[in-house]
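Data first, discussion second: the structure below is written as structure tokens.
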Amino acid sequence: MTFACAHRGDSSNFRENTVAAVMSAIAKGADIVEIDVRITRDGHVVVLHDESLERLWGLPKDVADVDLAQVLALGEGDNRIPLLTDVLELFVGKSATLMIDMEQADPAQLAFEVTTKGPLSAEQIAWCGHIDGMRKIRELSPDARIWMPWNEVEEPDFNEVNLLAPEFINMHYSYADRRRVARFHENGFKVSVWTVQDEPTMRWAVDIWIDSITSDYLETLLQICEQEQLSIIPQVTPADISEIDVDYALEVAKVLGRWAILISTSVKPGHRSTKTDAADIVTVVDVMIENHVREVIQANFPSHNFVGEELGGEFITDTPTWYLDPIDGTTNFANTLPWSSFSLALAHNRTPLVCVVTQPWLNTLFDAQRGKGAHCNDQPLFVEVHDAENPLSSRIVLTELAGCQLWPGMLVLLEGLAENFCTPRIMGSGTLALTGVAAHYGVGAVIGDFSPIDHLAAVLIVSEAGGVVLNEKGEKDLFPETGGIMCATRAAAEPLFNIWKNAIKE
């Protein structure tokens, strides 16, 4: 069974950390209700997350700089900042556990003293937050229920963990996966993840046997937590294209795209290793992203196939198949050059259905669904409409190397562009090169060798945005079996293809 933990009470329906939010969470059946504590200038423990009172209460002062009387004057009734003692009373006679969180270690001593004088037993209270605060709680009580924070790519030293003796290891969900959860369970610890705000990720958390999920969206979380974990290994199964829930597939893809933006921009590349040669590298973040995406897809679409850049997979006829490059432009990413991308697409045979492409450093998510158009950050996306005697003149066409090498005909392509006063750009991500036609970065893009892992999402976006996508034969083709691929605006398509065709012949 997975516990549902209400983040700051029923915070999607009431102002967070108020009596109203906590009462609602208890009434709706939350297993655990999480609150935050701070200390006022005159030494009272109040229930508040932010250091400042400005975001929620309009007072541009830190709570540590004001007295309790000023705090209690904000809001009214159940919609105000309560004392910790007020919240303790709400749990009397209830089955829910109160979890007390602290961003800093400072509140630990006073908050613990308040609970020891309150009406709840230690069994009905859990503690989480700053590691030094958790050490203080353990020092004060050998029986306290502690949730130890751990947000690292590497696993902790279990000898050190045992000194704190936590009941739960508490982490941002990005750091959890099936293997890690099993490892913590083997060592006698439960696992909690925060803060999960969408249904696809909730389903994944339940599927990999997470013990507690924290969310602002309590009603959805309660429904998901009632579901049983899969008792058998999912089987990849052929299906007719009409049987695929394409709308939900796009929802899941967008959830994963937004998550990938977070990880790409907040987690350091870490250790890198090589694959085919020294220029073909992979980072721990590549593997981290692919592993999470695979697990989420499996939890939500257990019969679907998966092909990924880092962990492999193969095309299966008549089977819905996802194609992923977790970081297209890994060399850029590993060298801290902010031009890389996440590419995820679902196809049935050679028909692409939905996709997302991200440009993390601009917080941009492109998506498309077959027959329903393309979007950029949920706004409709259209390829540039332009007209000129020479639509390549003074414009940009993007291409990419084959690893660190020129692809056959690439120099001829560059020469042909130069003859048309068109400037080529090689930026380091084939996904973004092709998507760039829809994003108005250039009027065309040519890739010497098509791969669905790297390019399928991009070409679906360009096509749905009104652009032209051609294979080496000049045919409209979003999934060529061999050869390269070209995307272009309608005006630039013919002259660019002629240059590319000449390059292929040479």
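Table for the structure above
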{"read-out": "Strands (runs of 3 or more DSSP E) (entirely within the range 346-402) containing at least 3 residues that are surrounded by 22 or more Cβ atoms within 10 Å (Cβ to Cβ)", "value": "351-359, 364-369, 396-399"}
{"read-out": "Count of the range 51-70 residues which are assigned to a helix (DSSP H, G or I) and under 14 Å from N17 (Cα atoms)", "value": "3"}
{"read-out": "Subset of the range 485-506 (residues that are crowded, with 23+ Cβ neighbours inside 10 Å, in contact (Cβ under 8 Å) with a residue 60 or more places away in the chain and either more than 19 Å from V443 (Cβ to Cβ) or not aliphatic (A, V, I, L, M) (or both))", "value": "T489, W500"}
{"read-out": "Residue among E16, E34 that alone is assigned by TED's automatic domain parsing to the domain that holds T116, part of a loop (DSSP other than H, G, I, E, B), under 29 Å from V193 (Cβ atoms) and touching a residue at least 12 places away in the same chain (Cβ under 8 Å)", "value": "E16"}
{"read-out": "Filter pass, E123 being part of a helix (DSSP H, G or I), farther than 25 Å from T40 by Cα, at pLDDT 95 or above and of a type outside the set (S, T, Y)", "value": "yes"}
{"read-out": "Count of residues meeting criterion [part of a loop (DSSP other than H, G, I, E, B), surrounded by fewer than 23 Cβ atoms within 10 Å (Cβ to Cβ) and not acidic (D, E)] in the range 19-31", "value": "1"}
{"read-out": "Hits in the range 271-320 - residues which are modelled with pLDDT of 95 or more, among the β-branched types (V, I, T) and either touching a Lys or Arg at 6+ places or on another chain (Cβ under 7 Å) or closer than 23 Å to E199 by Cα (or both)", "value": "V282, T283, I289, V293, V296, I297"}
{"read-out": "Residue tally, condition in contact with a Cys (Cβ under 8 Å, 6 or more places away or on another chain) and in a loop (DSSP other than H, G, I, E, B), over the range 458-506", "value": "1"}
{"read-out": "P269, sole failed condition from (1) assigned to a helix (DSSP H, G or I); (2) surrounded by 17 or more Cβ atoms within 10 Å (Cβ to Cβ)", "value": "(1)"}
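To keep it simple, each residue is scored yes or no on (1) in a loop (DSSP other than H, G, I, E, B); (2) crowded, with 19+ Cβ neighbours inside 10 Å.
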site: L411; (1), (2): no, no
site: G416; (1), (2): no, yes
site: R425; (1), (2): no, no
site: G428; (1), (2): yes, yes
site: V437; (1), (2): yes, yes
site: G442; (1), (2): yes, yes
site: A445; (1), (2): no, yes
site: I453; (1), (2): no, yes
site: L456; (1), (2): no, yes
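Results for (1) assigned to a loop (DSSP other than H, G, I, E, B); (2) in contact (Cβ under 8 Å) with a residue 60 or more places away in the chain, shown as yes or no for each residue.
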| residue | (1), (2) |
| --- | --- |
| V87 | no, yes |
| W127 | no, no |
| P142 | yes, no |
| N170 | no, no |
| A182 | no, no |
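The values are calculated or read from the model by the stated rules, or taken from the named source; none is laboratory data. This one's a predicted model, so the numbers in the text were calculated from it and none came from an experiment. Cβ sites come from the backbone with ideal geometry, for glycine too, and all protein chains shown count toward neighbours.
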